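Below you'll find the structure, written out as structure tokens, and then a few comments.
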Amino acid sequence: MRRSALAWIGHPGTVVAVVVLLVNDHFLKAAWPGVVTGKLSDVAGLVVAPALVNLVVREARVALLVVGAGFAVVKSTEGGAEVASQAWSLVWGPSRVLADPTDLLTLPALWLAWWIWTHPDPRAERLARVAVVIPVAVVAVAATSPAMPFRPYSAFAVDVADGVITVETRGGPSYPGDPNISYFSSDGGRSWVWRMAPRVVSQQEDCVAGRPGLCYRIVPGRLKVEESRGGRWVTAWEVPPGEQDRLVRAYPADLPEDTEVVESLAVAAGEVPGGYVVVVANGADGIALRDTAGVWRRLGWGNDGFDEAKTVPLTVRGDYGKAVPAAALLAAMSAVLIVLGAGVRTVGFAVAALILWAGEAVFCTLLTMYIPSGGLLPGSDSRLGAWALRLLTALVLVAVGLLFTLLNGTKARIGARAWLIALASGPAVYFAVMAPFYAWSRGVLDHFTTATGLAIALGVITAAGGVAAMFLRPGLKGH
């Protein structure tokens, strides 16, 4: 069986790796950031990249060696990561590649790329030409983090000394290495000034000087402060868990790894003119302040410090962002293809459906994609090139996949009822997935994770119902 550079690209194993890259880098990482999604991209990338390099070098062993050595240098050294960032930025717009030695654990994925090369598929070249896999592969492999994104402001350390409240913060459209900014108030939190200052020592418990036994402590993971009374700790201030869960998503970051926590991180208590105050650093939610009258207030991010009028209300609807509707839309379109495939049941339809689904996945990622505010160079607009390439890829894949899906579906003669069942399954799955998030947003469900689990379950059950309806319809034709 003939081996060729194009056949390597069009091999089903490479195509699957491309699809995994597209979905993982442009959707799963945003929805479920973590070790699994991070390493999954490396594995899939190591499967796809040698096939791309082989288009130039025309020698499989050299391609594998180049990819393996390059990956090792980039992931193990800051210099290699910086060079890779600059290289991607030249062709892809402002990008950032991060060094992470633990990613080297995914190098064995090169063996899978070698296996694909040594086990060519007779239909691989044809599939590569039809699916236009090369531009899709480039899009998938080139997925990196945008440069200089906005990071939510976060209060992470506090102090009260000599009648002055100090709150140390970080965040904003900052560059690596920018110093943290501290806010100061000498009137009990009514007005603020800011300046660069030495770091404040963070503490989880503090006592009021000169008032024996009067101490305050935070509860890790919660927006909550406890006060010592008669040798016991009692709740002094808190935000209920359900409201806290919605506040977490009220401060979205441009990149998942820049998300700031919404929980009490530090507390400080001390004397000020008129009595004593307690100030709590609450991450992205700002601060909580007990004034000299004993009244607790949440203070949000104002233009010149902290302002109660800028506080996000506890009754705010939960913000599930753009990723959730995009995921629901992709799930709906996937359900249509799966249900229709249950009726057609041919290899040709499966390949066409995979191509169409890849195009749909690229399109859905465009709905959630972050665009940096600036180009690669002053006055440039290189980010538009990334958008244009992704949009072109999505249009090509959708057009090719839709054409062959319709041809295979029509050829199978499954009947109008089957088409109706498949098309109806799309909206049904979309609303089944979105319903729990609607409920969470309005406070019916307390936790986003509960809504996520329920959405997955309802989506699977609804899609399975569509498949069952397809199999049980009258006049089902066997293949």
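Read-outs throughout are calculated quantities, based only on the coordinates presented, and are distinct from any laboratory measurement. Because the structure is predicted, anything quoted here is derived from the model rather than measured. Cβ sites come from the backbone with ideal geometry, for glycine too, and all protein chains shown count toward neighbours.
Quote to one decimal, in nm, the extra length available between D258 and L107 on full extension: 0.36 nm per residue of separation minus the C-alpha distance between them.
51.7 nm
A250: net charge of surrounding residues, Cβ under 14 Å, Lys/Arg +1, Asp/Glu -1, itself excluded?
That works out to -1.
What distance in nm lies between label points placed 7 Å from Cα along the C-beta direction at I456 and L402?
3.1
Can you list the residues of region 280-299 with backbone N under 12 Å from a point 7 Å past the Cα of S202, pointing along Cα to Cβ?
Label zone hits: 281-284.
Quick check: net charge around A266, other residues with Cβ under 10 Å of its Cβ, Lys/Arg +1 and Asp/Glu -1?
-4
Report the convex hull volume per residue for region 188-333, counting only C-alpha atoms, in Å³.
Output value, Cα hull per residue: 148 Å³.
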